[in-house]
1. Looking at segment 63-77, which of the residues that are more than 31 Å from the chain's Cα centre (by Cα) and modelled with pLDDT of 85 or more is nearest to R132 (Cα to Cα)?
2. Assuming Q185 fulfils every condition listed in (1) within 17 Å of L133 (Cβ to Cβ); (2) touching a residue at least 12 places away in the same chain (Cβ under 8 Å) apart from one, which condition is it?
3. Considering only segment 164-171, I want to know if a residue exists there that is open to solvent by less than 10 Å² (accessible area, probe 1.4 Å) and either closer than 25 Å to K49 by Cα or among the polar types (S, T, N, Q) (or both).
4. Name the residue, out of S227, S259, that is under 32 Å from the mean Cα position of the chain (by Cα), among the small types (G, A, S), over 26 Å from L194 (Cβ atoms) and at pLDDT 95 or above.
5. Of all residues in segment 22-62, which are open to solvent by 70 Å² or more (accessible area, probe 1.4 Å) and either modelled with pLDDT of 80 or more or of a type in the set (S, T, N, Q) (or both)?
6. For residues that are at pLDDT below 95 and among the aliphatic types (A, V, I, L, M), tally how many sit in segment 232-256.
7. Of the residues S70, S87, S64, which single one is of a type in the set (S, T, Y) and part of a loop (DSSP other than H, G, I, E, B)?
8. Just name the residue that is surrounded by the most Cβ atoms within 10 Å (Cβ to Cβ) out of those in segment 172-185 that are over 12 Å from V153 (Cβ atoms) and in contact with a Leu (Cβ under 6 Å, 6 or more places away or on another chain).
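The values are calculated or read from the model by the stated rules, or taken from the named source; none is laboratory data. Keep in mind the model is a prediction, meaning the values are calculated, not measured. So basically every Cβ, Gly included, is an ideal-geometry build from the backbone, and we count neighbours across all protein chains shown. Protein only, heavy atoms only, side chains kept; ligands, DNA and RNA dropped before computing areas. Shrake-Rupley method; radii C 1.70, N 1.55, O 1.52, S 1.80 Å.
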Amino acid sequence: MLRSLLPSLALVLSLYPCPVSARQDRDPLRITPEITGQVRLEQRKTPVKSAPVRLESSAGSLTSQMMTDSVGRFTFSGLQRGQYFVSVHVPGYRPEKHPVEITSIIRRVQLLIELEPEESPSLAPSELLDARLPVEAIKEFEKGRAALRDGKVEKAISHLEKAVRLHADFFDAQLLLGTAYLDAQQWEKAETALRRALELRPHSSVALVELGEVYRRQKRFTEAESSLLVALKLDDRSWQGHFTLARVYWEMGDATKASPAAERALQLNPNYPEAHLLMANIFMRLNLFAQALLRYEEYLRLAPKGAFAVQTREITRRLKQQPTAASK
């Protein structure tokens, strides 16, 4: 409804004096004239880091320019009275240019500038979009993500390698490239890409979990455990992290340590068949046959045509012939 009434909803503009002390409130001239605001994406409300923001005079001459900070904010201060234009142009998005007037009464203006894609949205999955990302890098990333989703690993790697060549600091591309290399069993390249992702974002639990999986596949269990424990300290609700840690302990031969990790993974994602299968195997090693039977049956319920369905049905049949397992 509001979109039909205004020329554009790309800008939400609030004109108001900022909170000041009672003395300043009585004397508006004491308020420092400034324009502040935030740049974000219209659809996903994602802040845009390093977006170029220009402040121009009413005559069109450049007064000041700056880049948005890590949460998409900007500030122009020390302004004189008069009309200004605030403009933002991020590649791949429609340019925005908005008039702002500083008067003797309205001395502080706050803007919310929301960018709309020039065509269809093509965004990285981050919580923050970096405006320094070249449009071509984002396009290659999207192609790589789509190919990986379709199981075309080599094609995905090709596109993602192009994305990081275009912009080496593209976190999402580095992370997904590491995952693609992992799927292709290219361990060394996977480790390199994931370590690069962690250089860009040291506190990424997702990258740490993926790196732990790379180490697990190579049976570098000590390094895998270390990476996964750090990841889970950052995000204890990562079921992938708990599941991978359980597999590490299982492959190390420690069912006692694997059990709580697998149980936690199931608490967070009870519909993941392989977690039930792992938990069943752990129970078997701990001689808890009745509990193992329940987990095997749950695996078959969730994945009746799963990769291990045939073997699991045979184990289930044998367990049901055991009096201790059959009495639930």
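1. Within segment 63-77, the subset more than 31 Å from the chain's Cα centre (by Cα) is 63-64, 77.
Next cut, modelled with pLDDT of 85 or more only: 64, 77.
Values: S64: 19, S77: 24 Å.
Residue satisfying both the conditions and the ranking: S64.
2. Of everything listed in (1) within 17 Å of L133 (Cβ to Cβ); (2) touching a residue at least 12 places away in the same chain (Cβ under 8 Å), Q185 misses just condition (1).
3. Step one: of segment 164-171, the residues open to solvent by less than 10 Å² (accessible area, probe 1.4 Å) are 170.
Pick out the ones that are also either closer than 25 Å to K49 by Cα or among the polar types (S, T, N, Q) (or both) and you get 170.
There is at least one residue in segment 164-171 that is open to solvent by less than 10 Å² (accessible area, probe 1.4 Å) and either closer than 25 Å to K49 by Cα or among the polar types (S, T, N, Q) (or both).
4. Values: S227 fails: over 26 Å from L194 (Cβ atoms).
Being under 32 Å from the mean Cα position of the chain (by Cα), among the small types (G, A, S), over 26 Å from L194 (Cβ atoms) and at pLDDT 95 or above holds for just one of S227, S259, which is S259.
5. Q43, R54, S58, L62, listed by residue number.
6. Total satisfying the criteria: 1.
7. Details: S87 fails: part of a loop (DSSP other than H, G, I, E, B); S64 fails: part of a loop (DSSP other than H, G, I, E, B).
Result: S70 is the single residue among S70, S87, S64 that is of a type in the set (S, T, Y) and part of a loop (DSSP other than H, G, I, E, B).
8. So the first thing to find is which residues in segment 172-185 are over 12 Å from V153 (Cβ atoms), and the list is 172-175, 178.
Narrowing further to those that are in contact with a Leu (Cβ under 6 Å, 6 or more places away or on another chain): 173, 178.
On the way: A173: 31, G178: 27.
Result: A173.
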